[in-house]
Amino acid sequence: MLTRSDLHTFAERLYEICPYPAVKYKIVTSILGLPPEDERVREWYPQFLKSDIVEEMFETQDRFGGWGRLQSKDYSAKDKIPTSATGIERCLYIGLQYDDRDILFNACNYLEEFLTGHSRETFVTTNERGIPWGRAAVCTLLESIRPYNELCDSTYQQWMYIAGRAYESGEYSYEREKNAQHDVFLTREDRLVPMQFGLLLCRRDEVPPEMENAMLRHHGEHAYYHGHFWDNCPARLPENFVYDKTRRWFKSFNYINSFRGSSMYLAESVEWLLSNVNADGLWDWGTQTKDPWGYFGYFSTTRNYRLNRKVDCTMEILTFLKTYLDRNPEICR
């Protein structure tokens, strides 16, 4: 069984081995949870802000506050960060906060313009689901940066109503969700906007525990047996940890780990990860297939590929394990 002591041991091992300021800063803040006044946090914060990966996000951010189009890649541009949504998610993953070099501050302004009608981009309108889906995506990003943005209140309440209808019996009902979406969005199609639980969980304290449990049992169970995005799922773990597509399993791991009580579907996956730590006390999944748009969880732009591979793999696993502990306090010490 995973404990916080185990997590801290793994984190301190990576802290000892890896020289990158961005890694050390994320370990002491996100993984170990040390307060801002802690000596190690104060030591690494200025160096993190000047690190190569933060500088890269600063230099590639455009004058509108994004990284190109919101979600649709412009294939005529050779940008390293393919979309603004990818850029914002990367900023959050590496540990940037709202005020850090104004990167996410500017990104918030870029996102808010979608909701105020001042954006130079528009939502996809090829079908009637485009606008409500686009507004939910924008609000999810905004709420991930800073929860309780007033511009997202109405969108959030719409999805709380839809989720309440869809799960009102404790189990998901497509018909109830369809009727709720038709009522709220004035749509008519049988195809629905996907349930925006990511947006709802940005204000987790407003989501009733029984609703979150129903969402876990519906979405989590499907991802457990069928995967998320790719069909690599916890029910069928790879035979070998060192495998060129191991990273794909984390799409399903992290999707399920969004919910409290995720151990229902992830306990075996956690034990599998713990059994595959190497002699250095780190993880290394080997060379990975370059999936669409590449990989945006890297912690250095140097060409030290072997070290970077271990660092990136270990950081992704530590981040997952920390979230797992937070989502399952009743079984994790």
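The values are calculated or read from the model by the stated rules, or taken from the named source; none is laboratory data. Here the structure is a predicted model, which means the values were calculated and not measured. Quick reminder, even Gly has a Cβ in these numbers, built from the backbone with ideal geometry, and neighbours come from all protein chains shown. To get the accessible areas, we keep the full protein, side chains included, count just its heavy atoms, and leave off ligands, DNA and RNA. Shrake-Rupley method; radii C 1.70, N 1.55, O 1.52, S 1.80 Å.
Per-structure values
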{"quantity": "Any hit, the range 262-269, residues being under 30 Å from K80 (Cα atoms) and charged (D, E, K, R)", "calculated": "no"}
{"quantity": "Check on W249, farther than 28 Å from L34 by Cβ, surrounded by fewer than 19 Cβ atoms within 10 Å (Cβ to Cβ) and modelled with pLDDT of 95 or more", "calculated": "no"}
{"quantity": "Single residue of the range 156-177 satisfying the filter (in a helix (DSSP H, G or I) and touching a Ser or Thr at 6+ places or on another chain (Cβ under 9 Å)) that is surrounded by the fewest Cβ atoms within 10 Å (Cβ to Cβ)", "calculated": "R176"}
{"quantity": "Sole exception among (1) under 19 Å from the mean Cα position of the chain (by Cα); (2) modelled with pLDDT under 95 for E189, by number", "calculated": "(1)"}
{"quantity": "All positions within the range 34-50 that are farther than 27 Å from R4 by Cβ and of a type outside the set (A, V, I, L, M, F, W, C)", "calculated": "P46, K50"}
{"quantity": "Complete set of residues in the range 1-46 that are open to solvent by 70 Å² or more (accessible area, probe 1.4 Å) and of a type in the set (S, T, Y)", "calculated": "S5, T9, Y45"}
{"quantity": "Enumeration of residues in the range 10-32 that are in contact (Cβ under 8 Å) with a residue 40 or more places away in the chain and among the hydrophobic types (A, V, I, L, M, F, W, C)", "calculated": "F10, A11, L14, I17, C18, A22, V23, I27, I31"}
{"quantity": "Residue, farthest from T301 (Cα to Cα), within the range 15-25, restricted to residues that are out of contact with any helix residue (DSSP H, G or I) (no Cβ under 7 Å at 6 or more places or on another chain) and assigned to a helix (DSSP H, G or I)", "calculated": "E16"}
{"quantity": "Unique match (being among the charged types (D, E, K, R), over 22 Å from W293 (Cα atoms) and part of a loop (DSSP other than H, G, I, E, B)) among E12, E37", "calculated": "E37"}
{"quantity": "Residue tally, condition of a type in the set (G, A, S) and modelled with pLDDT under 95, over the range 49-84", "calculated": "4"}
{"quantity": "Test result for F320, outside any loop (DSSP other than H, G, I, E, B) and under 29 Å from I81 (Cβ atoms)", "calculated": "yes"}
{"quantity": "Per-region count, the range 236-253, residues within 29 Å of G198 (Cα to Cα) and outside any helix (DSSP H, G or I)", "calculated": "6"}
{"quantity": "Candidates P82, P132, P147 - the one that is in contact (Cβ under 8 Å) with a residue 24 or more places away in the chain, in contact with a Lys or Arg (Cβ under 7 Å, 6 or more places away or on another chain) and crowded, with 17+ Cβ neighbours inside 10 Å", "calculated": "P82"}
{"quantity": "Selected residue [within 29 Å of E189 (Cβ to Cβ) and open to solvent by less than 60 Å² (accessible area, probe 1.4 Å)] from C108, C91, C139", "calculated": "C139"}
{"quantity": "Residue match in the range 111-121 (condition: on the phi < 0 side of the Ramachandran plot and open to solvent by less than 10 Å² (accessible area, probe 1.4 Å))", "calculated": "yes"}
